[in-house]
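Sharing a structure below in structure tokens format, with a few things to ask.
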Ligand SMILES: C[S@@+](CC[C@H](N)C(=O)[O-])C[C@H]1O[C@@H](n2cnc3c(N)ncnc32)[C@H](O)[C@@H]1O
């Protein structure tokens, strides 16, 4: 299946999990997709639910999507902006990147965030202790070549088309507030930060947060899907053992690279946790038919029986 890639990238983006998660989605027609940790939004954007609440404590992400929603950012406006700033970047090099970074840190202008996100080192978003964007330049003054600008504009166009068809809300909120909105018709998708990984101003995650999250999920009347890590060659995710006894856990092996060498291909077991038994959905059937014509990666699936 072709995954729609969103215009903003973030640490821990789950593009590689979209198809797997989609295969377990169970949402009634009148239900709301609730995503308390939206990050890039790639999962919900590909589910394309008629009604959704996308939330995150990172107000910059929320500002950008609200700006697309209210027409302050259109594909045309973004194109003009990226072409103009891209040509300054070509001319002035890293000085221009740092000037935009400074401007963004003063004004929180969403188009500046888009520029930084797509030209920063490794294309990441990271904020220091005072909440200031602090990723260095990615050393590519030619970054905003025409083809790349077109690619980003198409990503914005996809989101803005979806926003004209569906009822999607974007809200800056802590997960505790967002989870309080869920009713029994809804499906919650949670992709929380991992303790000690990618920690920055918006991604601090404590034992207490983890406990609050699982306590609230244990009480919710809604269905939920959590994506998280299960184990790697050195460690396992103890929270899974501690909190998911009564839920269904599926795992899948994922390889990630550290550096360029094939030798540094590290396996990691990723998990999704569900509080319901996934039945084959119409959507899933359509997806698997689609997938017949496309190359599918090979995965190892393992359902862990919660009673074992
Ligand atoms: C692992 S990322 C989500 C990635 C996303 N699923 C994707 O595919 O791009 C976790 C997100 O949770 C947000 N976050 C961290 N603490 C939060 C909290 N207490 N409440 C809500 N969002 C939070 C972060 O800003 C970050 O965007």
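Compute the acute angle (0 to 90°) between the alpha-carbon long axis of helix 59-69 and the principal axis of greatest extent of the alpha-carbon atoms of the chain; round to the nearest 10°.
Compared with the principal axis, the helix lies near 80 degrees.
In addition: Distance in nm between label sites at residue 108 and residue 91, each 7 Å beyond Cα in the beta-carbon direction?
For residue 108 paired with residue 91, the spin-label model returns 3.1 nm.
Return a whole-number percent for the relative contact order of the chain, with Cα pairs under 8 Å and 6 or more residues apart as the contact set.
21 percent
Oh, and also: Any chance you could run the full-extension gain for residue 28 through residue 242? It's 0.36 nm times the residue separation minus the Cα-Cα distance, nm to one decimal.
Extending this stretch completely gives an extra 74.0 nm.
Calculate, in nm to one decimal, what residue 167 and residue 266 gain on full extension: separation in residues at 0.36 nm each, minus their alpha carbon distance.
31.6 nm
Relative to the longest principal axis of the C-alpha atoms of the chain, give the angle of the C-alpha long axis of helix 207-219, reported between 0 and 90° and rounded to the nearest 10°.
Compared with the principal axis, the helix lies near 50 degrees.
Measure nothing fancy, just the Cα-based angle from helix 94-107's long axis to the longest principal axis of the chain, in degrees from 0 to 90, nearest 10.
Tilt relative to the chain: about 70 degrees.
What does the extension gain come out to for residue 150 and residue 212, with contour length at 0.36 nm per residue minus their alpha carbon separation?
18.1 nm
Read the figures in this text as sums done on the coordinates, not as results from a lab. This is a predicted model, so every value here is computed, not measured. Using ideal geometry, Cβ is built from the backbone for each residue, glycine included, and neighbour counts are taken over all protein chains shown.
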